[in-house]
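First the structure, in the form of C-alpha cells, and then the observations on it.
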Amino acid sequence: MRYDTIIIGAGMSGLSAGVRLAYYEKKVCILERHSTIGGLNSFYRLRNRNFDVGLHAVTNYAEPGTRQGPLSKLLRQLRLSWEDFDLRPQLMSSIVFPGCTLQFTNDFAFFSEQVAAAFPDQVAGFRELLQRIDSHDPLNLERTPKSARMVVEECIPDPLLVDMLFCPLMFYGSATPRDMDFSQFVIMFRSIFYEGFGRPFEGIRLILKKLVRHFKSLGGHLKLRAGVRQIHQQNGRAVAVTLDDGTEIEADNVLSSAGAAETMQLLDPTVRNVTPPPGDISFVESISVLDCEPARLGHDQTIVFYCDSPRFHYERPCEPVDLRSGIICSPNNFDYSRPLEDGRIRITALADPRFWLTLPDDEYACEKQRWNERIIQGAVRHIPDFRGHVIDTDVFTPRTILRFTGHVNGCVYGAPEKFVNGRTPVHNLYLCGTDQGFLGIVGAMLSGITVANRYLLK
C-alpha cells in the first residue's frame, strides 16, 4: 500500500502529527520499532505495577477552558477535549541550592515574589529578563541560534540566581552542555514558570492511548514491531522505506521523529555526511515504590530540582552518575481527588553514556544497584528518608534509553544543533520531535503538528 506520509516513531510527536494528517483524510502510517508506543515518554508494567518513564510531569499546564497558550492550541489542533488529558496541577515545587531555595507553583506571581525575597538586588534584572522573554518569538522556524547564558547574564549578574533559573530548564530540555539556545530557554521558562506542571491521574498512558484511539478512528495505520532499516531515495526525494523484516512501503513524504543522526543513518552515505554530531546528555533514573504516600513521611513537594555544589554543572559527567545535582519527583503530589495505588519517588541524575553503554552485561545489574543506592543517598539530603518504606525498585540508564528509543548515546534531548524548520537535505523528508527543537510533552506534540501543518497539509 502507498501512503501520503510515513511517520517514523510512535512517540508524542509522531502520534500528534499522525492525528493531524489523518483528520484531513491523508493516508498515514506510523511505524514503531518496539512493541509499545511513547518513545521517550512511555509506560510499562513490571511485577504487576505500572511504571511511567520520561518526563515527570506535563509542562504548559492550563486550567480547563483556557483559550490561550500551547495546551489550548494543542487540543484545538488535535480536536481533543480537556477531559481527554485530565490534567491535575502540581502542589508545590522547588529549586534547592546551597543556602537558597526558590519555590514555585503554577502561579507565576508567587515565583516572582520568591525571587524578589531571595535576591532583592536582582529584581530589576529579573524584570528585564522577563521583558526579553515576553518579546521573543521562540516558534519562529527560521530563527538563528543564540546563547541563553549570554542573554540571561546580561540581565542578571548574580551567578547563583542564573544557575537556579537554568537548573530546571536544562534538566527538562537542553541537549547543549552548560548552555541552551535562547529560544529553547524561552520555551522552557514559559512552560515551567509561566504555565507550570500538571499530570493525568492515570499517568502518561492516558494521553498516549487517547492519541492512538483518535488516530485509528480517523483511518490512520499504526504498525508496531516495524522498525525502519532504510529510507530509499530517488532524484533527491524519499520514495519508500524498508522495514527490519524486509517489507518495503512507499510514500509521497516521510516524517521522522527518530532524531537527526538516527534518521540520516537510514539514508545513503552522501546525505549522512552532512548530519551534525549526536548529543551525549543522558540520565539515570531511580524509581522507588513505597508502602505509603510520600506526604505521610513529610514530603509534599511535587518536584525538587537540587544542586549540592556552589555552581550548577550540566554536561556529560566524568563519573557514571553526577551526584552533585538531580531531580526528585513524586507523582503522588499533584492535586488529585483520590490517592494513587501506591507511593512513588523518582530521582533523575545526569549520567555518562559511555560507561553504561560499554559496561559488560555481567556487571550491569550490580552497577545499577550500586549507583541507585548512591543516588537515593544524595536525594534524602533534601527530602525525608524513605528507604525504610521501599517495596519495589526499578532503574533505567542510557542503555535503556538507547534500547527503547534508538537515540545514539542514549541521549534524551537529541543533538545540540536542531533542525528548527524541520527540513532535511532530502526534499520530502522532514524531522519532528527531539531534533526539531520544541521541548516537553506539549512541545513535542506541537512539533509534530507544526511540521505537518507547514509541509504536509498544503
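The values are calculated or read from the model by the stated rules, or taken from the named source; none is laboratory data. All figures in this text were calculated on a predicted structure; none of them were measured in a lab. Cβ placement follows ideal geometry from the backbone for every residue including glycine, while neighbour counts extend to all protein chains displayed.
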Looking at residue 396, is it modelled with pLDDT of 90 or more, within 13 Å of residue 347 (Cα to Cα), of a type in the set (Phe, Trp, Tyr) and in contact with an Asp or Glu (Cβ under 7 Å, 6 or more places away or on another chain)?
yes
Restricting to the stretch 414-443, name every residue that is under 16 Å from residue 263 (Cβ atoms) and within 12 Å of the chain's Cα centre (by Cα).
414, 433, 434, 435, 437
Number of the condition not met by residue 185 [criteria: (1) surrounded by 24 or more Cβ atoms within 10 Å (Cβ to Cβ); (2) among the hydrophobic types (A, V, I, L, M, F, W, C); (3) within 12 Å of residue 58 (Cα to Cα)]
(3)
Considering only residues that are farther than 30 Å from residue 355 by Cα and in contact (Cβ under 8 Å) with a residue 40 or more places away in the chain, which ones fall in the stretch 272-295?
291, 292, 293, 294
Out of the residues in the stretch 1-48 meeting the condition of being basic (Lys, Arg) and surrounded by fewer than 24 Cβ atoms within 10 Å (Cβ to Cβ), tell me which one is modelled with the lowest pLDDT.
45
Could you count how many residues in the stretch 268-327 are closer than 27 Å to residue 386 by Cα, charged (D, E, K, R) and out of contact with any His (no Cβ under 8 Å at 6 or more places or on another chain)?
6
Hits in the stretch 113-129 (condition: within 29 Å of the chain's Cα centre (by Cα) and among the charged types (D, E, K, R)):
113, 127, 128
Give the residues of the stretch 49-74 that are within 16 Å of residue 209 (Cβ to Cβ) and buried (at least 17 other Cβ atoms within 10 Å of the Cβ), sorted by residue number.
51, 52, 53, 54, 58
Pick out the one residue from 127, 45, 67 that is among the basic types (Lys, Arg), not in a loop (DSSP other than H, G, I, E, B) and not assigned by TED's automatic domain parsing to the domain that holds residue 218.
127
Does any residue in the stretch 327-349 that is within 17 Å of residue 93 (Cα to Cα) and in the same structural domain as residue 306 (by TED's automatic domain parsing) come within less than 8 Å, Cβ to Cβ, of a residue that is among the small types (Gly, Ala, Ser) and assigned to a loop (DSSP other than H, G, I, E, B) six or more places away or on a different chain, and which pairs are these?
329/57; 331/203; 334/57; 344/330; 345/330; 346/330
Of everything in the stretch 213-264, what is in a strand (DSSP E or B) and of a type in the set (Asp, Glu)? Give them in sequence order.
248, 250, 252
Are any of the residues in the stretch 13-20 more than 30 Å from residue 399 (Cβ to Cβ), assigned to a loop (DSSP other than H, G, I, E, B) and not hydrophobic (A, V, I, L, M, F, W, C)?
no
Which listed residue is buried (at least 16 other Cβ atoms within 10 Å of the Cβ), of a type in the set (D, E, K, R), modelled with pLDDT of 95 or more and part of a helix (DSSP H, G or I), from 163, 134
163
If you check residue 383 against the conditions, is it in a loop (DSSP other than H, G, I, E, B), modelled with pLDDT of 95 or more, more than 30 Å from residue 227 (Cβ to Cβ) and of a type outside the set (Ser, Thr, Tyr)?
yes
Within the stretch 440-448, identify whether any single residue is over 23 Å from residue 23 (Cα atoms) and either of a type outside the set (Ser, Thr, Tyr) or buried (at least 22 other Cβ atoms within 10 Å of the Cβ) (or both), and answer yes or no.
yes
Are any residues in the stretch 279-300 in contact with a strand residue (DSSP E or B) (Cβ under 6 Å, 6 or more places away or on another chain) and crowded, with 17+ Cβ neighbours inside 10 Å, and if so, which ones?
282, 283, 284, 285, 286, 287, 288, 289, 290, 293, 294
Can you tell me which residue is surrounded by the most Cβ atoms within 10 Å (Cβ to Cβ) among those in the stretch 360-395 that are of a type in the set (A, V, I, L, M) and over 14 Å from residue 284 (Cα atoms)?
383
